[in-house]
1. Provide a single number: the residues in segment 130-150 that are modelled with pLDDT under 95 and touching a Lys or Arg at 6+ places or on another chain (Cβ under 8 Å).
2. Just give me the residues in segment 42-61 being closer than 18 Å to Leu103 by Cβ and either out of contact with any strand residue (DSSP E or B) (no Cβ under 9 Å at 6 or more places or on another chain) or of a type in the set (Ser, Thr, Tyr) (or both), in sequence order.
3. Only residues that are part of a helix (DSSP H, G or I), modelled with pLDDT of 95 or more and not hydrophobic (A, V, I, L, M, F, W, C): list them for segment 106-129, please.
4. Can you name the condition, by its number, that Tyr70 falls short on among (1) surrounded by fewer than 21 Cβ atoms within 10 Å (Cβ to Cβ); (2) under 12 Å from the mean Cα position of the chain (by Cα)?
5. Among the strands (runs of 3 or more DSSP E) lying completely within segment 1-105, list those that include at least 1 residues that are touching a helix residue (DSSP H, G or I) at 6+ places or on another chain (Cβ under 7 Å) and of a type outside the set (A, V, I, L, M, F, W, C).
Amino acid sequence: MNSPTSDIRIRFEIQSEDRDSVRRIVESTGFFSDAEVDVAVELVDERLSKGPASGYYFAFLESDGFIVGYACYGPIACTVHSFDLYWIAVDQNCQGHGFGRRLVEISEQEIRKLGGKRIYAETSGRAQYEPTRKFYERCGYEIAAILPDFYDEGDDKVVYVKVT
């Protein structure tokens with residue numbers, strides 16, 4: 001499988017074919033419902049139709065010409081320096097090679113350029129998401145809040161924050 005030392009390209013400009021790549025990547029993880037996959041693609045559509053005014057920014061990581069992962073982030077409305085890391089996803093076949101960490105680092109750099117000082121990321125508290133929570137913690141994020149039964153009974157919302 002590809003590794004972080006192979007031919008890597010970072011792209012910030014969004015293209016219409018990214019809709020299919022985002023769908024493929026998010027579906028490949030096996031974590032998200034059809035509705036959640038649709039939301040990920042809708043953010044691509046928003047950026048394509050409105051440009052920067054959408055408030056959604058993307059970073060795509062390509063390895064050997066294949067999009068292995070992406071991140072979507074943007075400013076949080078009615079805040080001065082706070083940003084959300086809406087999505088970070090790596091194709092299941094490419095996980096475990098440092099691509100996710102690379103996407104987080106790239107997103108954090110871009111957020112700082114945009115004036116961001118606090119980055120929030122949220123995930124589920126279900127056992128299935130334990131690797132996701134550990135990933136955020138390894139990337140220097142700390143738990144800011146846990147909202148019990150947010151998504152469903154027994155499915156808490158865990159909010160992480162990192163000060164840049």
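1. 0
2. Here is the first cut: in segment 42-61, the ones closer than 18 Å to Leu103 by Cβ are 43-44, 47, 56-61.
Across segment 42-61, the qualifying residues are Tyr56, Tyr57.
3. Let us first name the residues in segment 106-129 that are part of a helix (DSSP H, G or I), namely 106-113, 127-129.
If we keep only those that are modelled with pLDDT of 95 or more as well, we get 106-113.
Of everything in segment 106-129, those that are part of a helix (DSSP H, G or I), modelled with pLDDT of 95 or more and not hydrophobic (A, V, I, L, M, F, W, C) turn out to be Ser107, Glu108, Gln109, Glu110, Arg112, Lys113.
4. Only one criterion is unmet by Tyr70, namely (1).
5. 57-63, 66-75, 82-90
The values are calculated or read from the model by the stated rules, or taken from the named source; none is laboratory data. Just so you know, these numbers come straight off a predicted model, no measurement behind them. In this analysis, Cβ positions are derived from the backbone assuming ideal geometry, glycine residues included, and neighbour counts consider all displayed protein chains.
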